[in-house]
Amino acid sequence: MLLIRPLQSGDLDDLMAMAEAAGKGLTTLPANRDLLRQKITQAQDSFNQRCEPEAGLFLFALEDTELTRCVGISGIQARVGLDEVFYNYRVSTTVNASRELGVHVRTPTLHLTNDMTDTTEICSLLLSASHRKGGNGLLLSRCRFMYLDDFRRHFSDKVFAEMRGVSDAEGHSPLWDALGSRFFDMEFGQADYLTGIGQKAFIAELMPKYPIYLPLLPAPAREVIGRVHENTAPALRMLREEGFNFNGLVDIFDGGPVVEAFIHNIRTVRESVNRHVLLRHKPLDQEVPAGERVMVSNRSFRDFRVTTVPAYCISPDTISLPPDVAEALEVESGDLVRLAPLKDAGPAPIHAAGG
Amino acid sequence: MLLIRPLQSGDLDDLMAMAEAAGKGLTTLPANRDLLRQKITQAQDSFNQRCEPEAGLFLFALEDTELTRCVGISGIQARVGLDEVFYNYRVSTTVNASRELGVHVRTPTLHLTNDMTDTTEICSLLLSASHRKGGNGLLLSRCRFMYLDDFRRHFSDKVFAEMRGVSDAEGHSPLWDALGSRFFDMEFGQADYLTGIGQKAFIAELMPKYPIYLPLLPAPAREVIGRVHENTAPALRMLREEGFNFNGLVDIFDGGPVVEAFIHNIRTVRESVNRHVLLRHKPLDQEVPAGERVMVSNRSFRDFRVTTVPAYCISPDTISLPPDVAEALEVESGDLVRLAPLKDAGPAPIHAAGG
Amino acid sequence: MWLVRPAQPQDIEGIMKLAAEHCSQLSSTVPKTREGLEARIELSSNSFSGALGPDQCQRFLFVLVDSRDQQVQGVAGIDGRAGNGQPFYNYRMDALIHSSHELGVSRRVDVLYPSHALTGRTLLGAFVIAPGLCDSDAFELLSRARLVFIASHRDWFSDDMAVEIQGIQTEHGEVPFWDSLGRHFFDMDFETADRYSGMLSKTFIAELMPPNPIYVTLLSGAAQQALGQAHPATRRSVSLLQQEGFHGGSYVDIFDGGPVLEVRTSNLKTLVTCQRKSLRASDAEDGEQCLLACGQGADFRCTLAGISESLNEVIRAPLSVLHGLGCESGEDVMVAPL
Amino acid sequence: MWLVRPAQPQDIEGIMKLAAEHCSQLSSTVPKTREGLEARIELSSNSFSGALGPDQCQRFLFVLVDSRDQQVQGVAGIDGRAGNGQPFYNYRMDALIHSSHELGVSRRVDVLYPSHALTGRTLLGAFVIAPGLCDSDAFELLSRARLVFIASHRDWFSDDMAVEIQGIQTEHGEVPFWDSLGRHFFDMDFETADRYSGMLSKTFIAELMPPNPIYVTLLSGAAQQALGQAHPATRRSVSLLQQEGFHGGSYVDIFDGGPVLEVRTSNLKTLVTCQRKSLRASDAEDGEQCLLACGQGADFRCTLAGISESLNEVIRAPLSVLHGLGCESGEDVMVAPL
C-alpha cells in the first residue's frame, strides 16, 4: 500500500537519496544532510503546532508500506516572505498609443514585486524513479489540496507553486544571461543557491528596481519568460488541470512561471466528498487503474494520512474500507473521511451532453 | 415572459430612460441620445459580424414581452484597449526588510498598468426599477456567460468587470481627491466622463507614471482602494458567487475593483448542460420562485435569446417547452438548447455531506 | 560680404534648396515643407518684431546670405524657450551604485531618466550651412551671430541655454540608439520620429515614450557607445560652442542619444567679450576681423569686418561694411572678436 | 589661542562631553558611544598619517581646542570619499512637466529620485561647536581649517565636494520630512535611522529605502516645506559655506530632506585665496586676522592670528603664535584671509 503521512526523522536517509538523485533544480531541498534534518524538524513542529502558524512547513512522505520506505515527498509552506523577502517579476503590459499617429504598441514589462508575500506555497515535490507510475505523482501532489481545504485557517485563500524555468544542460539560463548577469557579479547557480537557502539581502542590494522593458532583451531571453524547464512540464500540466493558472508572476532569475489558484477553485477541493467509513472484510482489488481510484484522507491535522482505494468502494453515504486500509488511515467505522478522484473525473457535463 | 435578445434600434427610448434614471456612475452608457444610438448600431454590427471581431460590442436587452418594452440591458465588450489605451492600477506589495535590524515592512504600492488590454469586459448592466425582482438582474448578468462560453473564439479566455468605486453623494471620490486631483487640473466627474467616451490621451499626458506608495496617501483614500460603491455591492456579490475574483487591479481614478474570471471557471459555465427541446402543450407555471428556475438559451450567435423556465421541465435528455417559450427562443423540437440554474445550485457537495 | 539677418518670406526658395541639398544626412529642425517653412518664417518675423513676447514661443530664424546676391547659404535658429510652451524631452544620465556589503561586490549601474529639466531654456538649433563654407569664417559668423543677437536682446532670453547636438548615425542612415530603444516604443523609423518632434504638439512623445527609467546596460553595445556622442559632421559646431563655454552635461537626446550642451548665458564668451560701440567709416580696408552687428529686432544684421579702434567708444570699419549692414556713421553697433 | 588639530585618543572625554551637551538637537555624524568614537579617532589618525590612501575610506576628524588647556570646544570632519566605499544616498530633486495639448493644461510635477551621484565626493561633516562660540571667530576657524587642510593636501581629495546640511526639525524633535516619507519604510524613528546611517554598512538603506521615485505633491505640507530647507541652527555654517562658494544644488538628504551643498573644490574661496608663505616671528601684536596653518598630515595645526606681511614670500606673526602652532621661524605655512 502507498500511504501519505507526515515526514518523520526516520525518513532522512531516503530523503537524502532522493535529493541527491534530483540534482540541481530543486532549490528548496538541496542535498545537504543538515539542512534536510532541519527541514524535517520544522515539519514535525508544524504538524504538532509547536511553531507560529505562519512559519508552518508541512512535508508529506509517500510511504511504500511493503518496503517501509519513503519513496516521495511533497510540501506546503504556510506563508512565504515573512522572514525574508520573496521576490517575483510580474509580466505586465505597457501600452503606448497615439491615435493621432495611428500607433499602438504593446510592450511586455517586468515589474519587481513582492506580491506573493504572506501566501501559501506548494513546494518540494520529489518522487523516486522506481515509483513514477500508477498515479503516485498525482497522489503526492493532490493530497495537499485536501489538507489545504480541511485546514483553511492555517493557509491563505490563494496558493501558488513556483515552476522551474528554462535552462540548458550546463545550467545556463537565457534570462539570467541577458538580465541578472548584468547586475549581479555571480553565476546563476550561486544566485539560485543563495536564494534557496534564504540569503536574500543581496537581491535588495543588487537587483534592478525599475521596470524592465522586455523588447530591450534579446529574443532567447524574452522567449523563456513564463516557460518551464522541460522536466517540469508534466508537473505544470497537472497543476493546470487542477485549476492553477499562470497569472503573470515569474521567477526573477530564470523566468519560470508561478501558477496560482484559490483553494475553493481547486479541482480536488471542488470534487471532494465526505463519507462515513464502513469496515468490510472483503479484500480490495489493488490492480484497479489510477483512473478508477479515489484518494481517501483521514482529515487529521496532526497525523494526516491519505491512500487510494477503488472507486467502487463508495456508496451514497459510506465508503467500505478493509481493515488494513482503515488501520493505515487510523480510522474506524463511522469516522468521516474525505474522498476525491485520483485522476480526472472526465470532461465537464456540458461537453458530455453533446453540442 | 422576460426574454433576453440582442438590443435593437427600437430600444432607444427605453434605453435613454434607463440611462437617465441611472445618473452618473455608469460611465459607459451616459444619457446621451446620439451616443446611445451609436452604441446600438455598434451592437447590431457586432451580432451580424459586420465589424472586426476585436471591436465587438454585444448588448443584450431584457424584454418584457407583455409590455413589449426593454426593461434592462447588459453587455460584453469583446476586447478593451485596442483602440484607446486601457489603464488600471495594480495594487502590488513592496516589502522592505532588514534581517539585521529586524525590520519587515509591507508597503502596498500602486503600479500603473495596461494589463487588461485585449481582454473581454462584461459591462453596462442596467435594470429598470420596476423589474428589480425575481432574479431578473441575475438573468441579465448571467445570460452573458452562456454567450461567452458558446462563442469562445470571439472572446479572451479571461473576462473582467470594472466595479464602480467609492464616492459620496456629491460625487467626490476620496482617492481622486488624494491622488488624481494632484495631477489633473479637473474635477473627478470630468476625468471620468472623458474616459467613458474614450478620450484618453490626457491620461498618458497627465497621469503619474511612477509607482504610488500607498502610505503616502491619507487614510480615507487608502481605505477605498479595491472597495465598491454601496450601490454596486450586490453586483459584486453576484459576480463573486459566479467565480469572479479581485486580483489586484483597480480603477485609476476612484479605486474601484476589477474582478476577473477565466471563462471555464465561471459557475454558469460549469453548471450548464445541453438538452434537446421537446415541445409540450401543457402551460408553464410562471410563479415558480427564482431558485427553482433555469435559464434556457437558444445558442444563437446572431439572434441570441434566453428566458427562464421551471427546473421541473428538465428530463435526463430533454427539456419540455410550451410553444410560446419555444417561439420566443426561436427553437423547435429537437433543437439543442443550453440550460443553467438561474440562482445558486446550493452549497458545494463537500459541505452538503457534513463534516 | 557675408551677412546674417532674420529670415524673410523671399528666402523660402533659397532655404528649401539649401535644406534639400545638404540636410539629407544631417538632421535639423528646419521644416521640410513649403507650408511648414512659411509658418516658421512668419513665427520668426513675429518674434523678431517683438509682436510675440518671451512667454509666447519666440522662435528666431536667421539666414546667412552673400550681400551681393542675397542667396541663402545657411540657416540658424534660436528658440526662446525650449519646448515652446510644452515639455522639452531629454534623458538625464545618472548612475546608481548597486553594492552588497556581505558579498563584497559593487557595481555602477547607469540609468537614463526621462527629464523635462531643460524646458524653458533658450535653445540654439536649426543650423544648416552650405558644405563649401564649413571651414570658412562664415561658419563662425552664422553660429555666433545668434549669440550677438542674444547679447543685444538679453531680456528676451533665459539665464541658461542649451543646444542639442546630433547623435551618431551610420553611413547607411541607421541610428543605433534609436534602434535599441525608441524604435520599440514609437513603432516608426528615426526619420519619422525626428520629423514629428519638430512639430509643435509633443503629445505623441507623452503618449509613446516609455515612462520609466532605462538601464543603459540593457541597450545594444552600439547604442551604449553612441550615448552622449556627437555626430562627426557636427565637429566644427561643437568646437565653436565649446569655445563659447558650452559643455556636455548630463542630458542626451531621447531619439538619437546625442549630447545636449549647456551653458549659463552670462558666461558665453561672446556675451562677455562683446561691446557696444559707435561705428564710423574708415579708409583702411584691413583691421582685426570681428563680428559686427547693428539693428534691433527685425533690423538686426551681423557681418564679419576688419575693425580698427580709435577712441574708447568708437570703432571704425570700411564704408562698404556700413553699406552692407545698412547702417549710418555714428550708429551704435555690437562688436565681438573672433 | 584657538587651535584646530587632528583629534587624538586623549580627546575622547572632551568630545563625548561636548557631544553630550550640545548634540541633543543638532544631529551629527560624531559617534555617540565611546567604542565608536575610539574607532573613529583611530581611523582618523590612520588617515592623517597617510597610512590609509585616498581609496581607503580616509575619514579625518579635527578638534578645536584652547591651546592653554587643550579642552575640546569643537569637532569637525572630512570624509575623503562620501559613502566611504559604499553608495552614498541622496534624493535628487527634479521636475517633470505633465502637459495636455488638447486640454490646454500644464503642470509641474516635482519628483525625488534616489541617487548615488555624490558617492565618492569629498564630504564635510561632523561639525559640533560649543554654543558659546557660535558667534566667535573660532567658529570660522573650525569650519575653514578643514579647507586649509584640503588646500595643503589637495591630491587626497576629489575635484567636487559636498556637505549635508541638517534639515528641519521641530522643537519637539519631530522631523516632518521623515514623518511623511522615511518613517513608512524604515519602521523606526528618525534618531534611530540617523544613528544607523552613521555606521559603515549602508545595507539597511538598500534594504529599506523605497526604490522608486517619490512624487513631492504626495508628501505632507510640512514635508514639502521642509524639502531642501536647512535647520535654523545651521545658519552660520551655511552662511560660511556659501561664502566659500558652496551652493544648494539638486540634492537633499533622504532622511530629513535637508539640503546638500556642492562646490567644485578648485573654486573654494579658501583654496583660491590661501598662499604658501614662510613664517617669521613679529614683535607687533596686531595685524590682519588670518587663518594660519602649518604641518603636514598628523602634524597639521591651524589657528587665527594677526599677520603682517613683509616681503613677498614672508609673513610675520607674534612669537606666541609660532609657539602655539609648534612651528619654527622660517617654516612654510598656509595663510588665508578671514
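How about region B:240-291: which of its residues are part of a loop (DSSP other than H, G, I, E, B) and among the polar types (S, T, N, Q)? If you could, list the steps in order and put the result at the bottom.
The initial filter retains those residues of region B:240-291 that are part of a loop (DSSP other than H, G, I, E, B), namely B:242-244, B:251-256, B:266, B:271-272, B:280-289.
B:Ser272, B:Gln286, listed by residue number.
Only one residue in B:Ala78, B:Ala61, B:Ala97 is at the interface with chain A (Cβ under 10 Å from one of its Cβ atoms), of a type in the set (A, V, I, L, M) and crowded, with 22+ Cβ neighbours inside 10 Å, so which one is that?
From the options B:Ala78, B:Ala61, B:Ala97, the qualifying one is B:Ala97.
For (1) touching a residue at least 40 places away in the same chain (Cβ under 8 Å); (2) within 22 Å of the chain's Cα centre (by Cα), each residue gets a yes or a no:
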| site | (1), (2) |
| --- | --- |
| B:Asp34 | no, no |
| B:Ala43 | no, yes |
| B:Arg50 | no, no |
| B:Asp64 | yes, yes |
| B:Gly72 | yes, yes |
| B:Ile76 | yes, yes |
| B:Asn96 | no, no |
| B:Thr109 | yes, no |
| B:Met116 | yes, yes |
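Inspect all residues belonging to region A:212-223 and state whether any of them is within 14 Å of chain D (Cβ to nearest Cβ) and over 30 Å from A:Ala326 (Cα atoms).
yes
Being among the charged types (D, E, K, R) and in contact (Cβ under 8 Å) with a residue 40 or more places away in the chain is the filter here; which residues of region A:290-334 pass it?
If the condition is that a residue be among the charged types (D, E, K, R) and in contact (Cβ under 8 Å) with a residue 40 or more places away in the chain, then A:Arg293, A:Arg299, A:Arg302, A:Asp303, A:Arg305, A:Asp317, A:Asp324, A:Glu332 are the ones that fit.
What's the total number of residues in region C:158-194 that are under 20 Å from the mean Cα position of the chain (by Cα) and either in contact (Cβ under 8 Å) with a residue 24 or more places away in the chain or crowded, with 23+ Cβ neighbours inside 10 Å (or both)?
Matching residues across region C:158-194 total 14.
Given the conditions (1) among the hydrophobic types (A, V, I, L, M, F, W, C); (2) buried (at least 23 other Cβ atoms within 10 Å of the Cβ); (3) outside any loop (DSSP other than H, G, I, E, B), and given that D:Phe88 satisfies all but one, which numbered condition is not satisfied?
(3)
If I ask for residues that are out of contact with any helix residue (DSSP H, G or I) (no Cβ under 6 Å at 6 or more places or on another chain) and polar (S, T, N, Q), which ones from region A:284-299 would you list?
The one that is out of contact with any helix residue (DSSP H, G or I) (no Cβ under 6 Å at 6 or more places or on another chain) and polar (S, T, N, Q): A:Gln286.
Checking the conditions here, which among D:Ser250, D:Ser308, D:Ser266 is of a type in the set (S, T, N, Q) and farther than 24 Å from D:Val163 by Cα?
After applying the criteria, what remains is D:Ser308.
Please go through region A:188-206 and give me each residue that is within 13 Å of another protein chain (Cβ to nearest Cβ), in a helix (DSSP H, G or I) and not polar (S, T, N, Q), ordered by number.
Answer for region A:188-206, where residues must be within 13 Å of another protein chain (Cβ to nearest Cβ), in a helix (DSSP H, G or I) and not polar (S, T, N, Q): A:Ala191, A:Tyr193, A:Leu194, A:Ala201, A:Phe202, A:Ile203, A:Ala204, A:Glu205, A:Leu206.
List the helices (runs of 4 or more DSSP H) that sit entirely inside region D:148-257 and contain at least 1 residues that are modelled with pLDDT under 95.
Values: elements: D:176-180, D:182-186, D:190-197, D:203-208, D:221-226, D:235-244.
Filter on region D:148-257 gives D:182-186, D:190-197, D:203-208, D:235-244.
Quick check on region D:145-174: of everything there that is more than 30 Å from D:Leu268 (Cβ to Cβ) and not hydroxyl-bearing (Ser, Thr, Tyr), which residue is farthest from the other protein chains (Cβ to nearest Cβ)?
Here the residue is D:Glu171.
Count, please, the residues in region D:267-282 that happen to be assigned to a loop (DSSP other than H, G, I, E, B) and either more than 15 Å from D:Val314 (Cα to Cα) or of a type in the set (Gly, Ala, Ser) (or both).
1
Only one residue in D:Arg81, D:Arg5, D:Arg40 is touching a Leu at 6+ places or on another chain (Cβ under 9 Å), farther than 30 Å from B:Glu187 by Cβ, basic (Lys, Arg) and modelled with pLDDT of 95 or more, so which one is that?
Step by step, each of D:Arg81, D:Arg5, D:Arg40 is checked, and only D:Arg5 is touching a Leu at 6+ places or on another chain (Cβ under 9 Å), farther than 30 Å from B:Glu187 by Cβ, basic (Lys, Arg) and modelled with pLDDT of 95 or more.
With the checklist (1) out of contact with any helix residue (DSSP H, G or I) (no Cβ under 6 Å at 6 or more places or on another chain); (2) modelled with pLDDT of 95 or more in hand, flag the one item A:Val80 doesn't pass.
Condition (2) is where A:Val80 drops out.
Can you name the condition, by its number, that C:Asn46 falls short on among (1) surrounded by fewer than 18 Cβ atoms within 10 Å (Cβ to Cβ); (2) at pLDDT below 90; (3) farther than 18 Å from C:Pro131 by Cα; (4) of a type outside the set (Val, Ile, Thr)?
The one condition C:Asn46 does not meet is (2).
Take region D:249-283 and flag every residue that is of a type outside the set (A, V, I, L, M), crowded, with 17+ Cβ neighbours inside 10 Å and within 21 Å of D:Ala117 (Cα to Cα).
Once the filter is applied, which keeps residues that are of a type outside the set (A, V, I, L, M), crowded, with 17+ Cβ neighbours inside 10 Å and within 21 Å of D:Ala117 (Cα to Cα), region D:249-283 yields D:Gly249, D:Ser250, D:Tyr251, D:Asp253, D:Phe255, D:Asp256, D:Gly257, D:Gly258, D:Pro259, D:Glu262, D:Thr265.
Out of the residues in region C:217-236 that are of a type in the set (A, V, I, L, M) and facing another protein chain (nearest Cβ under 10 Å), state the one that is nearest to C:Cys134 (Cα to Cα).
Per the stated criteria, the residue is C:Ala223.
In region C:175-204, which residues are more than 20 Å from C:Asp110 (Cβ to Cβ), in contact with a helix residue (DSSP H, G or I) (Cβ under 7 Å, 6 or more places away or on another chain) and either within 14 Å of chain B (Cβ to nearest Cβ) or not small (Gly, Ala, Ser) (or both)?
C:Phe186, C:Phe190, C:Tyr196, C:Thr203, C:Phe204
If you take the residues in region D:217-230 that are in contact with an Asp or Glu (Cβ under 8 Å, 6 or more places away or on another chain) and buried (at least 17 other Cβ atoms within 10 Å of the Cβ), which one is farthest from A:Lys209 (Cα to Cα)?
Selected residue: D:Ala226.
So if I check each of C:Ala39, C:Ala95, C:Ala19, C:Ala51, which one is on the phi < 0 side of the Ramachandran plot, within 14 Å of chain D (Cβ to nearest Cβ) and either of a type in the set (Gly, Ala, Ser) or touching a strand residue (DSSP E or B) at 6+ places or on another chain (Cβ under 7 Å) (or both)? It would help to see each step written out before you state the result.
Numbers: C:Ala39 fails: within 14 Å of chain D (Cβ to nearest Cβ); C:Ala19 fails: within 14 Å of chain D (Cβ to nearest Cβ); C:Ala51 fails: within 14 Å of chain D (Cβ to nearest Cβ).
Among C:Ala39, C:Ala95, C:Ala19, C:Ala51, only C:Ala95 is on the phi < 0 side of the Ramachandran plot, within 14 Å of chain D (Cβ to nearest Cβ) and either of a type in the set (Gly, Ala, Ser) or touching a strand residue (DSSP E or B) at 6+ places or on another chain (Cβ under 7 Å) (or both).
Among A:Ser167, A:Ser130, which is the only one that is small (Gly, Ala, Ser) and either part of a strand (DSSP E or B) or outside the structural domain of A:Asn265 (by the TED database) (or both)? Working first, answer last.
Details: A:Ser167 fails: either part of a strand (DSSP E or B) or outside the structural domain of A:Asn265 (by the TED database) (or both).
Within the list A:Ser167, A:Ser130, the selection yields A:Ser130.
Keeping to region C:310-333, report how many residues are touching a residue at least 12 places away in the same chain (Cβ under 8 Å) and either among the acidic types (Asp, Glu) or in a strand (DSSP E or B) (or both).
Summing the residues that are touching a residue at least 12 places away in the same chain (Cβ under 8 Å) and either among the acidic types (Asp, Glu) or in a strand (DSSP E or B) (or both) in region C:310-333 gives 9.
Quick one: which of C:Leu118, C:Leu112, C:Leu103, C:Leu141 is touching a Phe, Trp or Tyr at 6+ places or on another chain (Cβ under 7 Å), surrounded by fewer than 20 Cβ atoms within 10 Å (Cβ to Cβ) and either within 14 Å of chain A (Cβ to nearest Cβ) or in contact (Cβ under 8 Å) with a residue 24 or more places away in the chain (or both)?
The unique qualifying residue is C:Leu103.
Of the residues D:Pro259, D:Pro232, which single one is free of Cβ contacts under 8 Å to residues at least 12 places away in the same chain and over 26 Å from B:Ala178 (Cβ atoms)?
After ruling out the rest, the residue left standing is D:Pro232.
Residues to consider are D:Ala336, D:Ala293, D:Ala298; find the one that is in a helix (DSSP H, G or I), touching a residue at least 60 places away in the same chain (Cβ under 8 Å) and out of contact with any Asp or Glu (no Cβ under 7 Å at 6 or more places or on another chain).
Just one listed residue meets the conditions, D:Ala298.
The values are calculated or read from the model by the stated rules, or taken from the named source; none is laboratory data. Values in this document were obtained by computation on a predicted structure and should not be read as measured data. Positions of Cβ are backbone-derived with ideal geometry, glycine not excepted, and every protein chain shown enters the neighbour counts.
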